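Student: One structure follows; several queries about it will come next.
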Amino acid sequence: MESRFDDLPRTPGHHFRLHYFATVAHVLREVVSLFPSEDAALQEFPFLKGYRDEIARRKAITTPAFWAEAISQWERTADGHLPLRALRDGAELDHRTLSLLICIGLTEEDGRFGLLFEALQSTPGVHRPTMGLLNAWWREPSDAGEVRAALRRLRDLGLTRVVNPDAPRVEWALEPLGPLWDALRGETPHSPANWLRFTPSETLVALDAVVVPEHVAQTVAKLPALLERGEVNALVVRGPHRGGRRVLCGALAKLLGRGLLEVTDLGAEPDQRFRAAGTLATLLQALPAVVVDPGPGETVTLPAWAWPDASLAVVMGPQGGIAGPPVERSLTLALPMPDPIERVRHWTKAGNFAEADRDAIAARFRMTSGNIHRAARLAHSYAALAGHERPGLAEVQQASRALNRQALDTLALRLDASGDWSQLAISPETQRELCDLERRCRHREELAGLVGPSLGAQLRPGVRALLQGPSGTGKTLAARLLASVLHADLYRVDLASVVNKYIGETEKNLGRIFSLAEELDVMLLLDEGDALLARRTAVHTANDRYANLETNYLLQRIESFEGIVLLTTNAHEHIDRAFQRRMDVVVEFRVPDAAERWAIWQLHLPSDHGVELPLLRELARRCQMTGGQIRNAVLHAAMLALEAGGPMRNEHVEASVQREYRKSGAVYPLRRAPAAQVV
């Protein structure tokens, strides 16, 4: 039979139009059969006359067999991707099933069909075809439930859904899913829905341009052959957020000659969204990539879908598990944080940096690949604001801090870090330990290559330090100064606010904080961490068991942490010994002696003070105060001097020291001066 449609271009849009007119022809035939004549039907629904005239102009007839053969002939000379053909072949659908699908979506193309459906079904307000109407129009005389099975198949594929599930089944009204209907028409939007994102193959990054470890690139290069033979059906890519996981999935999709369809949120109805994503991937000729983020100890189970032989990618973090039929034959790749050489390549690709600055920036900022590119864009903006041609270390520091604030400010508090070790008056032993800690932090990525292979394989870039000692002895100040000399941002985590009464929530909160700190390369300070660092107890109640689980998780997460984490405690005797064993550095802070107290007084007092030296010597020698108490005393004395309108004098300092002793319930050891009436 000679095709009536040879003049139509071989495009997805015209292919859809052919199926659309084939379905309208079928509907026209069924509507006319309900009236005494065709003229009567067209008088009732005048808009059908335009469709009737177009079909007549093409010398087409309304039988399904004619349209099936005409479309088949037209397809034989169409070489490109046709979504409807891909759906039909991939899901093994027949012409009738496709016609049912198009009929369900007629209202999407012409709202007048909604009035027709409402009139013929006698169901006010329902502008969609019901299962009863579709079954009546497409059922053959020998039908044994094939139409119902076809409609069920369309729902299983995620193509349609029921509008009124509470109604009797025969009155179920069906509608197509918007993103899938658009794809059937040949449209390829970048964001088909707020939980979907599509990237065409031509805009994806090729594998040879992706900065990943060599063994990862080699594995991905072999995957297309494994997927084609059915030996593997899914690729699971694990790694930190913004660590190049989606870029790697896109490179695999490009190798397969497909685009990438990212499912960013499975929502409250994961089964429906997952099925729809599989079908949409077929329509768009894309590799579906499902993004999941299970917490510690959680497993995300993917539902079975209608594409058992289709390829799938799963993007997830280093924690949690993945299960379900779609990943039964999966291959897992772990993307680590980029090493210094890879970071240089990323900064080179990210922008216009001087070579010396680029190398220093790559060495200083241990960030994920995505955060490197985000920071580079921001750094160029800061450089432009400052009138610099190229950004340098200072602009990248500003950009990094902006990224940190966006992600971490809701979970932790950023502490200002400035100054150097000269601002800390401590014992020589404590000073040496802090200097060792600084050196360990500076060279944390180089140590593995300077020791034997057995030890090097065990080393991680993370540094864990425990700062222990009485309150007010300088632990938090030392953490601030360490961040300052390392030019790093410091965030304090209040464990009391992280601990949650609901099971598993504490671990989730800690997991988010540690993951963000790794990805953004910031220092974490777990201040007053006794809430979770305490020794594990014998299990007598469910509370004991869950408290021990939280401690176990924190222990494991600190050990696997690849950043710098500082823990402070005032009660080291209550700390679980397992924590102390896992610390790279333990710094002991003790109450300062007389010489150290003298140095602290000199650091805190203003240069123009009027306090006599004999009093200061007596205070340093006989008043056994911590650095925090001396700080508080100087602040109070400054307030008294400000109120008096002159420099700080003896009576101001004495009154402030006496106040500190009263606060602690101790006896002031010096003889009170008769004139000291300031309070």
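Student: Among the residues that make up the range 73-89, is at least one of them small (G, A, S) and closer than 19 Å to W307 by Cα?
Tutor: Yes: the range 73-89 contains one or more residues that are small (G, A, S) and closer than 19 Å to W307 by Cα.
Student: Now for a separate question. Filter the range 268-305 for residues that are in contact (Cβ under 8 Å) with a residue 60 or more places away in the chain, farther than 28 Å from F16 by Cβ and open to solvent by 20 Å² or more (accessible area, probe 1.4 Å) and give the result.
Tutor: P296, G297, E298
Student: A further question follows. Which residues, counting only those in the range 104-152, are in contact with a Ser or Thr (Cβ under 8 Å, 6 or more places away or on another chain) and open to solvent by 60 Å² or more (accessible area, probe 1.4 Å)?
Tutor: H127
Student: Here are A60, A41: which of them is assigned to a loop (DSSP other than H, G, I, E, B) and touching a Phe, Trp or Tyr at 6+ places or on another chain (Cβ under 8 Å)?
Tutor: A60
Student: Let me ask something else about it. Could you list all residues from the range 445-463 that are of a type outside the set (A, V, I, L, M) and open to solvent by less than 30 Å² (accessible area, probe 1.4 Å)?
Tutor: G456, P461, G462
Student: Still on this structure: Please go through the range 362-389 and pick out each residue that is under 28 Å from P213 (Cα atoms) and open to solvent by 20 Å² or more (accessible area, probe 1.4 Å).
Tutor: A363, R364, G370, H373, R374, R377, L378, H380
Student: Moving on. Restricting attention to the range 163-177, report how many residues are under 19 Å from I102 (Cβ atoms), open to solvent by less than 40 Å² (accessible area, probe 1.4 Å) and free of Cβ contacts under 8 Å to residues at least 60 places away in the same chain.
Tutor: 1
Student: Mind checking which residues of the range 511-539 are modelled with pLDDT of 80 or more, touching a Lys or Arg at 6+ places or on another chain (Cβ under 6 Å) and not charged (D, E, K, R)?
Tutor: F514, L525, listed by residue number.
Student: Quick one: in the range 35-67, which of the residues that are among the hydrophobic types (A, V, I, L, M, F, W, C) and modelled with pLDDT of 90 or more is nearest to D6 (Cα to Cα)?
Tutor: L48
Student: Oh, and also: So which of S201, S191 ends up being among the hydroxyl-bearing types (S, T, Y) and open to solvent by 40 Å² or more (accessible area, probe 1.4 Å)?
Tutor: The match here is S191.
Student: While we're looking at this one, here's another question. Taking the stated definitions as given, is L98 open to solvent by less than 50 Å² (accessible area, probe 1.4 Å) and farther than 14 Å from P176 by Cβ?
Tutor: Considered against the rule, which asks whether it is open to solvent by less than 50 Å² (accessible area, probe 1.4 Å) and farther than 14 Å from P176 by Cβ, L98 comes out as no.
Student: Could you name every one of the strands (runs of 3 or more DSSP E) located completely within the range 97-208 that has at least 2 residues being among the charged types (D, E, K, R) and modelled with pLDDT of 95 or more?
Tutor: none
Student: I'd like the full set of residues that are part of a helix (DSSP H, G or I) and β-branched (V, I, T), limited to the range 507-522.
Tutor: Answer for the range 507-522, where residues must be part of a helix (DSSP H, G or I) and β-branched (V, I, T): just I513.
Student: Could you tell me whether the range 419-440 includes any residue that is among the polar types (S, T, N, Q), surrounded by 14 or more Cβ atoms within 10 Å (Cβ to Cβ) and in a loop (DSSP other than H, G, I, E, B)?
Tutor: yes
Student: Against the definition (under 30 Å from R464 (Cβ atoms), open to solvent by less than 40 Å² (accessible area, probe 1.4 Å) and at pLDDT 90 or above), how does I575 come out, yes or no?
Tutor: Judged against the criteria, I575 is not a match.
Student: Turning to a different aspect of this structure: Answer yes or no: is there a residue in the range 340-361 that is within 30 Å of D489 (Cα to Cα), open to solvent by less than 20 Å² (accessible area, probe 1.4 Å), in a loop (DSSP other than H, G, I, E, B) and among the basic types (K, R).
Tutor: No; the residues of the range 340-361 include none that is within 30 Å of D489 (Cα to Cα), open to solvent by less than 20 Å² (accessible area, probe 1.4 Å), in a loop (DSSP other than H, G, I, E, B) and among the basic types (K, R).
Student: Tally the residues that are of a type in the set (S, T, Y) and open to solvent by less than 20 Å² (accessible area, probe 1.4 Å), restricting the search to the range 14-67.
Tutor: Here the count works out to 2.
The values are calculated or read from the model by the stated rules, or taken from the named source; none is laboratory data. Computed from a predicted structure; not experimentally measured. A quick note on method: Cβ atoms are made from the backbone with ideal geometry, for glycine too, and the neighbour counts reach across all protein chains shown. SASA here: full protein model, heavy atoms, side chains in, ligands and nucleic acids out. Shrake-Rupley method; radii C 1.70, N 1.55, O 1.52, S 1.80 Å.
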